[in-house]
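Right, one structure below, let's go through it.
The values are calculated or read from the model by the stated rules, or taken from the named source; none is laboratory data. What you see is a predicted model; the values in this text were computed from it and never measured. Cβ sites come from the backbone with ideal geometry, for glycine too, and all protein chains shown count toward neighbours. Side chains are part of the model used for accessible areas, which takes the heavy atoms of the whole protein and leaves out ligands, DNA and RNA. Shrake-Rupley method; radii C 1.70, N 1.55, O 1.52, S 1.80 Å.
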Amino acid sequence: MDSKKKKLKTIVRGMQLIESLSPHFMLCCIGQAVLKALSPFINIYLSAEMINNLLGGQSMEHMLILVLLMVVLNLVCQGLGALMDRLVSVKQNVLSTQYNWTLNKKMMEFSYADVESHAVQALREKIRQMEQVNNMGLWNLVFPVRTVIQSIFSILFAFSIFCSVFFQKGDGNSGSVLTDFFCSPWASAILAVLILANILVSLWAVSQSTKKVYDAYAGLVPLNQVYTYYLENYIDTYHSGKDIRLYRQGNLIRREMEHLLENGRTPMKRLKAIEFKYNGLGALAGFIMNLFIYLTVGLRTLAGLFSAGSIVQYIGGISQFITGFTTLSGQLTLLGANVEALDVVLQYLNIGGLQEYKGQRDQGVPERLQSEKLSEMMEIQFRNVSFAYPDTDRKVLENLSFTIRAGEKLAVVGVNGSGKTTMIKLLCRLYDVDEGEILMNGIDIREVDSQAWQELFGVVFQDFQLFPFGLGQNLSGSVEYDVDRARTALEEAGFGMRSGGMDMETSLYKDFDPSGVEISGGEAQKIAIARALYRQAPVLILDEPTAALDPQAEYEVYKNLNHVSENRTAIFISHRMSSCRFCDRILVFDEGRLIQEGSHEELLGDINGKYYQLWRSQEQYYQ
């Protein structure tokens, strides 16, 4: 019972989500379902009346009235049906758009820790794959609910036009034992039992087959995930075209695809076997019942209990009744089987009101900082900071303490994995520290509105992303931008406009614009630096800012950055030791700890130090 209540609660929450995304969508679906359910019964009932009219010698005027009534009711029903179909289609498009946007918006609203979380990414990917395989999730709530409503009305309409068949009985004097039997109350009782048995068999068969088919489709999700990756994220993207051709990856991909298809044959064969087994059982039960129905209705008509038109009415009504029950069973089973997938969607969205991630944004920027120029007085202090990434025990940073003075140019160096980039993530509050604290002018940064805090930084990470939009939009992160400000930022980053008409409106890459420009890795890095400069933040952070640049371009970039960072704090993370010459102070990280600190000359004086080793390993490139 608790399990059924839980499933019902999940379905109700799903319905609430649908209503919030596309108001009145389900109301339109109810109207559509009623009209679709009613439509066949107009023809069934009026066709029976027309047959009775022909055989009963009624007037032609009465016949014409019936014909006209059938035409008018069908036109009205079809007209209203077309209107409801249109409304449902519009509402469904709204639902689809809003649902996809809600899923993607949710990812943007997560904390960065959640974005990097494997559990969150796995949840989002599971939603995507379930939808691709069999519309599992929200859509397998939308469609079955609509069909359930239609089935319920079909059952009600059908019962209303065939229920009288059970109350007709003969006098037992027809002269035929067979006819007398099928005209007796016993035949009515047997017919009721057969209809009930057929419904139960159909319910059981549909229930079992739906569950097993659903389980089989669920088994295809992992295969479809890999298959989709190759088709949509690798083969079809021109970015991977060079590697596929130069490294002859075609054979590898082909073998992998064949392997996937081979593994997919087993569940597909299972699907066909399930359908054959249960469809065949339902067809056999239906044959027995239909045979008895035809004999009962036919012989009772011959005995004069029914008019000839009643054959059409009763057989059509019973057929619709059983079809309605069978469909209802299948859709209810599908709803039950879909609850787990729907729960994944609700879990991801945290339904109950889609809540934006706010971290600790309660206090805004402290008043004593608002009236001062942050670029001139912003001092940042790491005090005994330790940090380990979620779901791991290894500390990436341990007992880290240092101060970044206002207006200082600071270099942070160290081998891969020493914790440099993690330190920047903590500074930008993409993560919060596990132990210790980070202070700004003596204030714990966790007391500052995280969004306001992040606006104080212009950051370029190693894995930055540029978008296939206009150059100016890439710099501003907005549709609107200041052209002069964007041009200045590009010049300061050392990006020269290509000859041939490249301007702020020029699209980067060709994803959306065939006339877009394919920029080089070095150009992309300069644009990313320009984006950080465009923000005009008091703190500039560059994580490996020149990795894709040649030595001459690197020198020009650092020369420009040395100039543009005169009135702001600048933090440079780099494996290239040449960047250290421009800095006032250098921090040397190793295995998550700060092991050296000082100027370039001071650190070179310690020939046993890590910095001296790093410098000597690259010294030949700077002579």
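How about the range 54-86: which of its residues are touching a residue at least 40 places away in the same chain (Cβ under 8 Å) and surrounded by 13 or more Cβ atoms within 10 Å (Cβ to Cβ)? Spell out the reasoning first.
Quick first cut of the range 54-86, residues touching a residue at least 40 places away in the same chain (Cβ under 8 Å) only: 55-56, 77, 80-81, 84-85.
Cys77, Leu80, Gly81, Met84, Asp85 - these are the residues of the range 54-86 that are touching a residue at least 40 places away in the same chain (Cβ under 8 Å) and surrounded by 13 or more Cβ atoms within 10 Å (Cβ to Cβ).
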- Where a residue in the range 426-439 is closer than 18 Å to Thr403 by Cβ and its partner, wherever it lies, is in a loop (DSSP other than H, G, I, E, B) and modelled with pLDDT of 90 or more, with Cβ under 6 Å and at least six apart: Leu426/Val433
- Item | Candidates Lys526, Lys510 - the one that is touching a residue at least 12 places away in the same chain (Cβ under 8 Å), closer than 17 Å to Ser565 by Cβ and in contact with a Gly (Cβ under 6 Å, 6 or more places away or on another chain) | Lys526
- Query: Out of all the residues in the range 53-73, is one or more more than 29 Å from Ser307 (Cα to Cα), among the polar types (S, T, N, Q) and in contact with a helix residue (DSSP H, G or I) (Cβ under 9 Å, 6 or more places away or on another chain)?
  - Reply: no
- Note on the structure: Among helices (runs of 4 or more DSSP H) entirely inside the range 413-522, those with 1 or more residues being under 29 Å from the mean Cα position of the chain (by Cα) are 420-427, 450-454, 471-476
- Query: Given the conditions (1) at pLDDT 90 or above; (2) in a loop (DSSP other than H, G, I, E, B); (3) of a type in the set (Lys, Arg), and given that Arg361 satisfies all but one, which numbered condition is not satisfied?
  - Reply: (1)
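For every residue, the table says whether it meets (1) in contact with a His (Cβ under 8 Å, 6 or more places away or on another chain); (2) of a type in the set (Val, Ile, Thr); (3) open to solvent by 20 Å² or more (accessible area, probe 1.4 Å); (4) farther than 30 Å from Leu427 by Cβ.
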| residue | (1), (2), (3), (4) |
| --- | --- |
| Ser117 | no, no, yes, no |
| Arg124 | no, no, yes, no |
| Pro144 | no, no, no, yes |
| Ile149 | no, yes, yes, yes |
- Query: For the range 390-412, what are the residues that are in a loop (DSSP other than H, G, I, E, B), touching a residue at least 12 places away in the same chain (Cβ under 8 Å), out of contact with any helix residue (DSSP H, G or I) (no Cβ under 7 Å at 6 or more places or on another chain) and open to solvent by 50 Å² or more (accessible area, probe 1.4 Å)?
  - Reply: Asp391, Lys395, Arg405
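Quick one: would you say Ser96 is out of contact with any helix residue (DSSP H, G or I) (no Cβ under 9 Å at 6 or more places or on another chain), polar (S, T, N, Q), open to solvent by less than 70 Å² (accessible area, probe 1.4 Å) and under 30 Å from Val345 (Cβ atoms)? Break it down stepwise before answering.
Values: out of contact with any helix residue (DSSP H, G or I) (no Cβ under 9 Å at 6 or more places or on another chain): no; polar (S, T, N, Q): yes; open to solvent by less than 70 Å² (accessible area, probe 1.4 Å): yes; under 30 Å from Val345 (Cβ atoms): yes.
Considered against the rule, which asks whether it is out of contact with any helix residue (DSSP H, G or I) (no Cβ under 9 Å at 6 or more places or on another chain), polar (S, T, N, Q), open to solvent by less than 70 Å² (accessible area, probe 1.4 Å) and under 30 Å from Val345 (Cβ atoms), Ser96 comes out as no.
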- Query: Within the range 439-453, which residues are open to solvent by 60 Å² or more (accessible area, probe 1.4 Å) and closer than 18 Å to Ala532 by Cβ?
  - Reply: Gln451
- Assess whether Ser89 counts as being farther than 30 Å from Leu426 by Cα, modelled with pLDDT of 90 or more and exposed (fewer than 13 other Cβ atoms within 10 Å of the Cβ). yes
- Item | Filter result (in contact (Cβ under 8 Å) with a residue 60 or more places away in the chain and either more than 25 Å from Met26 (Cβ to Cβ) or polar (S, T, N, Q) (or both)) within the range 121-145 | Leu123, Arg124, Glu125, Lys126, Gln129, Gln132, Asn134, Asn140
- Task: Within the range 27-40, work out how many residues are touching a residue at least 12 places away in the same chain (Cβ under 8 Å), surrounded by fewer than 20 Cβ atoms within 10 Å (Cβ to Cβ) and not β-branched (Val, Ile, Thr).
- Result: 5
- When only residues in the range 404-447 that are over 19 Å from Cys580 (Cα atoms) and acidic (Asp, Glu) count, which is modelled with the lowest pLDDT? Glu447
- Note on the structure: Within the range 468-519, the count of residues that are under 15 Å from Tyr534 (Cα atoms), of a type in the set (Phe, Trp, Tyr) and either open to solvent by 30 Å² or more (accessible area, probe 1.4 Å) or touching a strand residue (DSSP E or B) at 6+ places or on another chain (Cβ under 9 Å) (or both) comes to 1
